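Peer 1: Before I ask anything, let me first share the structure, which is written out below as C-alpha cells.
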Amino acid sequence: MKKMFFTAIALVAFSGVSMAETAPAVEEELVTCETQAAMDTHNYEQVNGCLSSQAQTIIYYAYLAYCRSLTKTTRLIEG
C-alpha cells in the first residue's frame, strides 16, 4: 500500500514538471569585426555619398583595424 501511495504521489509530482512550458531558444546573431566593418562602411557611404572602390577599401580596413584593436584590448583585460 505504501509503495502504491508513493508511486501515485511521484506520478502527480513529476507529471506537472513535464507539462511546464519552456521558453523557446533564442539564437544570437554573431557579429564579427568583418561584418561590423562592412556595416560601418555601408553606413558611412549612406551618410557621405557614393565612394570609389579605393576609398571604400581604405575605410573598410580602417573600421576593421579599429574593431580588432577594441577586441584585442577586451581580451587583454578579461584574460
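A short reminder: the numbers here are calculations on the coordinates, not readings from a lab. As the structure is a computational prediction, the values presented were derived from the model and not from experiment. Every residue, glycine as well, gets a Cβ built from its backbone with ideal geometry; the counts of neighbours run over all protein chains shown.
Peer 1: Computed FRET efficiency, Cβ-Cβ of residue 70 and residue 47, R0 22 Å: what is it to the nearest 0.05?
Peer 2: 0.55
Peer 1: Test of understanding: what is the full-extension gain from residue 56 to residue 38, defined as 0.36 nm times their sequence separation minus their Cα-Cα distance?
Peer 2: Going from the current span to full extension adds 5.5 nm.
Peer 1: If you take every residue apart from residue 57 with its C-beta less than 14 Å away from the C-beta of residue 57, what net charge results, scoring Lys and Arg +1 and Asp and Glu -1?
Peer 2: With Lys, Arg at +1 and Asp, Glu at -1, the neighbours total -3.
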